[in-house]
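> The structure is given below, and queries will be raised subsequently.
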Amino acid sequence: MTFCIPKPEVDRLAKAIDNGLLAPERLITLSPAERTALFTDFLGPKLAREANLLFESKIVLESQKRGMQNWVKQMKGEPLKKDFDVVAARKEVIKLQEKLSKTTDIFLKRDITRKIDKLNNKINKTEANEPFIDSHRRDMLAKIERLDRVLDAKSEREFLRDLAETRLGLRVTFEQASKIVEYTKEIKKLQTEIKPGTPLTDPAVQRYGLLVAKLDQTVGRLRKDNLTWSEVMTSPDKWLDLTFGTAKSLKASFDNSFWLRQGWHLLATHPTMWARNFSKSWKDMALEAMGEDATLLGKAEVFARENARNGVYERAGLDVGVAFEEAYPSQLPHKIPGFNRAYGASESAFQVGAMRVRAELFDHLHREMIERGIDMTDVKELKKLGEFVNSVTGRGKLKHFAGASHELNLLLFSPRWIKSRMDTLLAPAKVATMEIGKQFGKEYSPAEVYLRRKAAKELFQVLGTMAAVLTAAELINQMANPGAKSVIELDPRSSAFGKIRVGNTRFDISAGLGSFITLASRMVPTSHNGDWAFWSINGKGKYVKLTDINYEGGLDVVSFKNPGFMAQTGIDYLVQFLMNKASPGAGLGISIYEGKTFGADKVTLPSLMGQATVPIPIETWLDLLQDPKAAPVVWAMLAETLGIGTSTY
């Protein structure tokens, strides 16, 4: 527990401690209220409460004498011995690496290299000795474990509540804090009892997974429910989080879309693994619809895995303990009567499905890399594998935008999903740059070499699977209707690229890759009838030159407020691309600015509410019903539900 006391107050406290007025022997005889009142004379109400909580936390330590000594030191401004700070050490390593790259002094390089190696060894040793539980759970456990001696004393309820609020940043009741400690104790006990190699079917292993999942759920709910409505409404950023997050969650519900969208890569590269987890997702949805907590059970299954128990997932940065997936950032829809179970079923299928496939794919590749002789005890190598698995399952790493990830998630529907698509398409380029780098003496770790080459190979598997599906669709079309117009589009400049057309309905089987390929094709000059320009093909199959597009003539390509605006460069395509990827909340702003919704409807309160909150599958269903030339509704809705983007126009 740390807080800042101004220098004059520190001097007054030191004198009061030395002359006995604030002697620990006297303070321990006072009640919490009396101590706080005494501290108020020196520090004011806010700091007095912090000082009292710090004092009482020291009473809880196994060595009461040592605790009081620590309190005295902190009040007098004396430094305490601190545990090794891994985060600070990593920052220091980055600074040293930057310094190393700039210096030409060989002796200075040697000294800096030694410091980096020393810090990395200490980081690895510290992380290797930490038990699995993600960062916020681990910090919480360490803090709560120090409360054991007061949990059984009713006279200390108020202290526990205040201390837990300060330590965890949460408002919790005595009962909630007691439950957290109860879970913590049993988890610690099971950690010592479960031996390496114990199968998942072992009751102790299953119990461990369930307890960690319950602990995760308990703290997660406290964090989500810890704001009052007045706090939300008076804080712009929290209000935006709630409204934008709820809109996004509602739009993403009523489906089981992970499997042919985020899971498409897995289907193309590990079909058996995909099929096994796809079948489990329907069971999750059924359990959730019947009132069971399928998310808790699914998390328990993942947390029970050996690489979860021994901390490998956490050290690798594998996203199996995230608070929420991008598509479901809000829990408010769970509170809507008549909607909550259907919403919970789709959320559970998505979140648990993503966790399962990440854990299983990670374990598979982890074993494979060990068999190839790659040192997977090296945290750096582990993190490369974690980043790879996250990306191929739809959660790309926002390396250069990590500090703005929250803002990006407000503006875009799925920024990590967008990054994962870019990672997939750029895999061959990364292999090429690696091979060039090797020629100039740059070194790459064994894991990086293996994973870059694997990503490039798997891209061709993904593209090959897409090509096979498109070819099969065209063959069926020609067999059923000899000489009929093709149902697929091979020109990447077309908005129909990577899609199968059935009547006026298009089915996107590219898992989002097609739109990126189309964007890239439109942003560079290409030839049409000998004329080199920025060409595109609109929804009606007509070639359009970018400089000929204006507000009236090219709504399917660009749309800006100013009717006189003329699109001039490929950047205009990029603007439209990002507008199409906007979050529901950001989409409202765009629609209000332009004076029309994405469906070209006039801006009214009902049309805006529908655009922001109506689930995508319901929008698709309404579009199908309104167009007599649309694909059969049942088949189109099945495709949309499973993650194949379906649009009718």
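The values are calculated or read from the model by the stated rules, or taken from the named source; none is laboratory data. If you're wondering where the values come from, they're calculated on a predicted model, not measured in any experiment. Every residue, glycine as well, gets a Cβ built from its backbone with ideal geometry; the counts of neighbours run over all protein chains shown. Note: areas computed on protein heavy atoms with side chains; ligands, DNA, RNA excluded. Shrake-Rupley method; radii C 1.70, N 1.55, O 1.52, S 1.80 Å.
> For region 602-617, give me each residue that is more than 26 Å from the chain's Cα centre (by Cα) and either surrounded by 15 or more Cβ atoms within 10 Å (Cβ to Cβ) or part of a helix (DSSP H, G or I) (or both).
Filtering region 602-617 down to residues more than 26 Å from the chain's Cα centre (by Cα) leaves 602-610.
The answer is 603, 605, 606, 607, 608, 609, 610.
> Just to verify a result, which residue in region 621-642, among those that are within 30 Å of the chain's Cα centre (by Cα) and either modelled with pLDDT under 95 or open to solvent by 20 Å² or more (accessible area, probe 1.4 Å) (or both), is nearest to residue 278 (Cα to Cα)? It would help to see each step written out before you state the result.
Kept after step one, since they are within 30 Å of the chain's Cα centre (by Cα), are these residues of region 621-642: 621, 636-642.
Still in the running and either modelled with pLDDT under 95 or open to solvent by 20 Å² or more (accessible area, probe 1.4 Å) (or both): 621, 637-638, 641-642.
Numbers: 621: 23, 637: 18, 638: 15, 641: 13, 642: 10 Å.
Among those residues, the one meeting the criterion is 642.
> What residue, among those in region 433-466 that are surrounded by 13 or more Cβ atoms within 10 Å (Cβ to Cβ) and among the small types (Gly, Ala, Ser), is farthest from the chain's Cα centre (by Cα)?
Among those residues, the one meeting the criterion is 445.
> Quick one: count up the residues across region 351-360 that are open to solvent by 10 Å² or more (accessible area, probe 1.4 Å) and modelled with pLDDT of 95 or more.
Count: 2.
> Going through region 267-279 one residue at a time, which ones are of a type outside the set (Val, Ile, Thr), more than 20 Å from residue 499 (Cα to Cα) and crowded, with 18+ Cβ neighbours inside 10 Å?
Once the filter is applied, which keeps residues that are of a type outside the set (Val, Ile, Thr), more than 20 Å from residue 499 (Cα to Cα) and crowded, with 18+ Cβ neighbours inside 10 Å, region 267-279 yields 270, 274, 277, 278.
> Looking only at helices (runs of 4 or more DSSP H) that lie completely in region 494-598, which have at least 2 residues being open to solvent by 20 Å² or more (accessible area, probe 1.4 Å) and at pLDDT 90 or above?
Because the criterion is at least 2 residues that are open to solvent by 20 Å² or more (accessible area, probe 1.4 Å) and at pLDDT 90 or above, the helices (runs of 4 or more DSSP H) in region 494-598 that meet it are 513-522.
> Something else now. Please pick out the residue among 284, 319 that is in a loop (DSSP other than H, G, I, E, B), charged (D, E, K, R) and in contact (Cβ under 8 Å) with a residue 12 or more places away in the chain.
Values: 284 fails: in a loop (DSSP other than H, G, I, E, B).
Among 284, 319, only 319 is in a loop (DSSP other than H, G, I, E, B), charged (D, E, K, R) and in contact (Cβ under 8 Å) with a residue 12 or more places away in the chain.
> Going residue by residue through region 120-131, is there one that turns out to be modelled with pLDDT under 50 and under 26 Å from the mean Cα position of the chain (by Cα)?
There is at least one residue in region 120-131 that is modelled with pLDDT under 50 and under 26 Å from the mean Cα position of the chain (by Cα).
> Does residue 478 satisfy being over 15 Å from residue 388 (Cβ atoms), out of contact with any strand residue (DSSP E or B) (no Cβ under 9 Å at 6 or more places or on another chain) and open to solvent by 80 Å² or more (accessible area, probe 1.4 Å)?
no
> For region 503-517, state whether one or more residues are under 30 Å from residue 365 (Cα atoms), touching a strand residue (DSSP E or B) at 6+ places or on another chain (Cβ under 6 Å) and of a type in the set (Asp, Glu).
yes
> Would it be correct to say that residue 348 is of a type in the set (S, T, N, Q) and open to solvent by 40 Å² or more (accessible area, probe 1.4 Å)?
no
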